[in-house]
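These notes concern the structure reproduced below.
The values are calculated or read from the model by the stated rules, or taken from the named source; none is laboratory data. These figures come from a predicted structure and were not determined experimentally. Cβ: placed from backbone, ideal geometry, glycine included. Neighbour counts: every protein chain shown.
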Amino acid sequence: MSNFKTSDFMNTMRTQTWSNGRHLVRCVKVIPETHDVMTFTFSMNEPVLFYFKPGQFVTLELDIAEERIMRSYTISSSPSIPYSFSITVKRVAGGVVSNWLHDNLKSGDQIAVHGPVGNFNCMDFPAEKVLLLSGGVGITPVMSMARWWFNTDSEVDMVFAHSARSPKDIIYAKELEYMSTRIDNFKMHLICEQTNIGQSWGGYRGYLNTHMLQLMAPDLAEREVFCCGPELYMKAVRSMLQELGFDMSRYHEESFGETPEKNVELAEKHAEEAALEDKVPKNLVTLRIPEMDIMKPVELNGILNEAAAGVGVNIPKACGVGICGSCRVKVVHGQYEMDHNGGISQEEIDLGYVLSCCTRIKGDIEVEL
């Protein structure tokens, strides 16, 4: 007979916690949210506390058609329910990963995830009043935040404004309605672009505009704003807030689904530098990867991920702009510069970890994969 005690189990639950890295998780629940959106809930075989900051995301590592594919999704659940976490995925026409998840992932299946990571979160920007803006499936990170404040009986004053194509496309509709009836510090506003014939709708119609914003949050200037949605939606929101004279240092957006604008500019700059460098002799330094018995010359100022590929070492990556965290490696010693976008924590940086997709080699370097 086993000597395992309930107290041992509870101690195990208290001590095992989630940290950024690669983890094998098991799908325990699949929930249809709308006609084309599903929520997938994951846990581990051993009890684990899934601590993360509401708004952060994970990167899924999947094998689809014999190809390894990485894709990032925001965590839609709240750390206030800590023994599991969820992602909410919209089926996209032609979307390899979203369609595979909808058609194949079921309860009991095991997959690998990387994370959690992300600078877009409510804990790093505390405020007494917030405005949560979302469009379409961009609702997921702000829903995580709202769930966190709701479940922890927070006194944060929340204005939640969500834009959807039609009433049938509103994700978490019943839960949002429930939250709005249970506490007086949660004000919900729904905007639908269109309604079907015969369909009743009592919310806002059309597209979010400055007039709606002022009606929803007349005290806008006092609020911290968190926004997520399609790039055009976020661009429109930025424009409206600027028009209203909002302090944009209090505006935060999730953009891991798009290449951040500053990275486009950086890429153009790097392309110009590369064109100039082609005309002069290249400076070489040494890249050493002891576990693979590699010590070869690579370009000074080259991107670490590309340099590794050049000597025959594939470091998996997904986003390519320092967001998803999937290309993390450890620099044992050497000189480098990293310009990331939230895919790595300060604790990891202090331990010598870097994201190879956005790390430039500045001298001889030794890397641990």
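Key figures for this structure:
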item: Flag for Arg182 being loosely packed, with under 14 Cβ neighbours inside 10 Å and free of Cβ contacts under 8 Å to residues at least 60 places away in the same chain; result: yes
item: Any pair with Cβ under 6 angstrom, 6 or more apart, that starts in the range 39-51 at a residue that is farther than 12 Å from Gln110 by Cα and ends at one that is among the polar types (S, T, N, Q) and modelled with pLDDT of 90 or more; result: Thr39/Ser86; Thr39/Thr88
item: Some residue of the range 333-340 being of a type outside the set (A, V, I, L, M), under 17 Å from the mean Cα position of the chain (by Cα) and not assigned by TED's automatic domain parsing to the domain that holds Asn20; result: yes
item: Filtered residue count, the range 329-369, keeping only those that are in a loop (DSSP other than H, G, I, E, B) and in contact (Cβ under 8 Å) with a residue 60 or more places away in the chain; result: 7
item: First in the range 77-92 and more than 16 Å from Pro47 (Cβ to Cβ), second anywhere and of a type in the set (Phe, Trp, Tyr) and part of a strand (DSSP E or B), Cβ under 6 Å, 6 or more apart; result: Ser77/Phe85; Ile87/Phe40; Ile87/Tyr73
item: Selection from the range 30-89 of residues that are touching a Cys at 6+ places or on another chain (Cβ under 7 Å) and aromatic (Phe, Trp, Tyr); result: Phe40, Phe42
item: Residue check for Gly115: touching a Gly at 6+ places or on another chain (Cβ under 7 Å) and part of a helix (DSSP H, G or I); result: no
item: Positions within the range 218-237 being free of Cβ contacts under 8 Å to residues at least 40 places away in the same chain, of a type outside the set (A, V, I, L, M, F, W, C) and over 21 Å from Pro126 (Cα atoms), in sequence order; result: Glu231, Lys235
item: Sole exception among (1) at pLDDT below 90; (2) out of contact with any Leu (no Cβ under 8 Å at 6 or more places or on another chain); (3) not small (Gly, Ala, Ser) for Met13, by number; result: (2)
item: Yes/no for Val159 being assigned to a strand (DSSP E or B), of a type outside the set (Gly, Ala, Ser), in contact with a strand residue (DSSP E or B) (Cβ under 8 Å, 6 or more places away or on another chain) and not assigned by TED's automatic domain parsing to the domain that holds Phe50; result: yes
item: Candidates Arg22, Arg68, Arg26, filtered to the one that is among the basic types (Lys, Arg), at pLDDT 85 or above, part of a strand (DSSP E or B) and assigned by TED's automatic domain parsing to the domain that holds Gly95; result: Arg26
item: Residues of the range 290-312 that turn out to be part of a helix (DSSP H, G or I), surrounded by 15 or more Cβ atoms within 10 Å (Cβ to Cβ) and among the hydrophobic types (A, V, I, L, M, F, W, C), as a count; result: 3
item: Lone qualifier among Arg147, Arg238 - being within 29 Å of Gly115 (Cα to Cα), under 19 Å from the mean Cα position of the chain (by Cα), not assigned by TED's automatic domain parsing to the domain that holds Ser84 and not polar (S, T, N, Q); result: Arg147
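Matching residues to (1) under 15 Å from the mean Cα position of the chain (by Cα); (2) modelled with pLDDT of 95 or more; (3) not acidic (Asp, Glu):
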{"residue": "Tyr73", "(1), (2), (3)": "yes, no, yes"}
{"residue": "Ser78", "(1), (2), (3)": "yes, yes, yes"}
{"residue": "Lys106", "(1), (2), (3)": "no, yes, yes"}
{"residue": "Asp109", "(1), (2), (3)": "no, yes, no"}
